[in-house]
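Trainee: Got a structure here, written out as structure tokens. Questions coming.
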Amino acid sequence: MELAGNLKRKREECRLSQDDVATQLSISRQSISKWETGKCYPDLDNLILLSDLYKISLDELIKGDKSFQERIIREAGSVRSMWP
């Protein structure tokens, strides 16, 4: 399952509205909607908060969305290369 669908499914399993999640993460409801429709991706900080909120691992949250996994790996490598 792609990340967008997984985010929506997990939110619904926890019986939370988009407003509830947005409040917990201190962001707009529109951001949650964009993530769940695949218009954009949450950043790593928000992914961690979502995994805590939904009580699942990061791996479980993003598993199945290969392109997103590759992007996270690339970005993490870029950050590491900036540090001595």
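The values are calculated or read from the model by the stated rules, or taken from the named source; none is laboratory data. Values in this document were obtained by computation on a predicted structure and should not be read as measured data. Reconstructed Cβ throughout: ideal geometry from the backbone, glycine too, with neighbour counts over all protein chains shown. For the accessible areas, the whole protein counts, side chains as well, though only heavy atoms, and no ligand, DNA or RNA atoms are used. Shrake-Rupley method; radii C 1.70, N 1.55, O 1.52, S 1.80 Å.
Trainee: For ILE48, ILE56, give the ranking by accessible area with the largest first, probe 1.4 Å.
Mentor: Working: ILE48 70, ILE56 25 Å².
Putting ILE48, ILE56 in descending order of accessible area: ILE48, ILE56.
Trainee: Using r as the Cβ-Cβ distance of SER17 and ASP45, and R0 as 30 Å, what FRET efficiency do you calculate, to the nearest 0.05? Working shown, then result.
Mentor: On the way: r = 22 Å, r/R0 = 0.72.
Computed FRET efficiency for SER17 and ASP45 comes out at 0.90.
Trainee: What distance in nm lies between label points placed 7 Å from Cα along the C-beta direction at ASP52 and LEU25?
Mentor: In this crude label model, ASP52 to LEU25 measures out at 1.4 nm.
Trainee: Right, something else. Can you compute the modelled spin-label distance between ARG9 and GLU70, with each label point 7 Å from Cα toward Cβ, in nm?
Mentor: In this crude spin-label approximation the distance works out to 2.2 nm.
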